[in-house]
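The values are calculated or read from the model by the stated rules, or taken from the named source; none is laboratory data. Owing to the predicted nature of the structure, the values given are computational and were not obtained by experimental measurement. Neighbour counts run over all protein chains shown; Cβ positions are idealised from the backbone, glycine included. Protein only, heavy atoms only, side chains kept; ligands, DNA and RNA dropped before computing areas. Shrake-Rupley method; radii C 1.70, N 1.55, O 1.52, S 1.80 Å.
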Amino acid sequence: GIQASQSVVLTKVGRVLEENISIKKTEERLSRQLGRKYLGSAVQQNLLKEGSSRIHRDTLLIFDPSDLRKKYAKKMENLCTIRDGSEKELGSGYWLCHVVGAELQGESVVPLYGGLYSTESSDFMSENREWLSVIDSVSESVSKRGIWVIDRGGDRKKVFDHLLDNELRFLIRVVGCQRHLDVGGKGKTPLEIALSCSCPYTETVVREKDGKEKVYHISFGYRRVRLPGRDDTLYLLVVRGIGEEPLMLLTTEPLRRNRKVLWRMVRSYFRRWAIEETIRFVKQSYEIEDVR
């Protein structure tokens, strides 16, 4: 019904089912079934079971936190304050977490997790806990295969420690002055490291956003680093030409002075762009923000 109606509104779903009963009765039945305890977790586990077989060693696990705004709702349960990513303003609604598996080559994607949460819910403890719970759930199902790709929101000590402690691979965008990294025995901010980093390799990339294409001429290089207080060897991949500041990506993947190796990791992060567009398209196509 959701597929055929491209909606999450029960009356629209009910109409396309074309049952030999009134729409009112169909809606009542669907509503009653949706109220079953643990239905959401059961569907989620089935989704993970279905998708995990398609996740390979180097599949990108793209973690995308976003929001679902309820602009006019007043009495929906656990409405919380969110930052509307499209309008760039605060509003009421819920937070969303998506995890999608994608190969570096090809267009197909594998949905692994989709759920919303509220900071006003009685069982909410922290955003970190919500995120780490999602990561644990997916990682367990895929037997720790894949590389986690997270935007700058993942630049958190608890996230790094959790991923490293559980021997999970990652590629995470870091904020220039939010933390220090150890490089050559000295503590420096990622931005300081990036500004002094040699970027000998160049490429041209095209990004499509909101139906428009934009061309970037980029250069890239890397430095070997560590997180303060940890012995894990990490790598800071530096990409210039995307914005005013260099793009800084912290990864567990071994890097070396090799164009092919570095370019693969740059492309792995850029793969997020296409996935973000896919998730945005799904939200709009299925009118997700009409959820009750």
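Could you please state how large a percent of the accessible area of the chain is carbon and sulfur, counting protein chains only and using a 1.4 Å probe?
Working: 7940 of 16790 Å².
Here carbon and sulfur together make up 47 percent of the probe-accessible area.
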| request: Could you work out which residue, out of L30, L60, L191, moves most in a Gaussian network model of the chain, that is, has the largest mean-square fluctuation with Cα springs under 10 Å? | output: L30
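Sort 17-23, 106-112, 273-279, 149-155 by the packing proxy (mean of other Cβ within 10 Å over each peptide's residues), most packed first.
On the way: 17-23: 10.9, 106-112: 14.9, 273-279: 16.9, 149-155: 19.3.
Result, highest mean first: 149-155, 273-279, 106-112, 17-23.
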| request: Mind giving me the nanometre distance, one decimal, between the label points for R226 and H162, set 7 Å out from Cα along Cα→Cβ? | output: 2.5 nm
| request: Treating the angle as unsigned and between 0 and 90°, give the value, to the nearest 10°, between the Cα long axis of helix 259-285 and the longest Cα principal axis of the chain. | output: 20 degrees
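What size of dipole, in debye to the nearest 20, comes out for region 70-168 about its Cα centre when the only charges are +1 on Lys and Arg C-beta atoms and -1 on Asp and Glu C-beta atoms?
Values: 13 positive and 17 negative charges, 67 e Å.
The dipole magnitude comes to about 320 debye.
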| field | Cross-link partners of K283 among lysines (Cα-Cα below 20 Å; sequence separation of 8 or more within a chain) | value | K12, K70, K71, K88, K209, K212
| request: Only one of the values [x] 183; [y] 134; [z] 153 was calculated from this structure for volume of the Cα convex hull per residue in Å³; name its label. | output: [z]
| Given charges at Cβ of Lys, Arg, Asp, Glu: the chain dipole, positive-most of Q3, A73, V239 | V239
| lysines with Cα under 26 Å of K158, excluding same-chain neighbours fewer than 8 positions away | K144, K186, K188
| said: So if I place +1 on the C-beta of Lys and Arg and -1 on the C-beta of Asp and Glu, and nothing else carries charge, what would the dipole magnitude of the chain be about its Cα centre? I want it in debye, nearest 20. | reply: 400 debye
| For region 253-292 versus region 169-190, the gap between their alpha-carbon centres in whole angstrom | 22 Å
| query | In deg cm²/dmol and to the nearest 500, what is the mean residue ellipticity at 222 nm of the chain if only DSSP H runs of at least 4 residues count, each as -39500 (n - 2.57), divided by the residue total? | reply | -10000 deg cm²/dmol
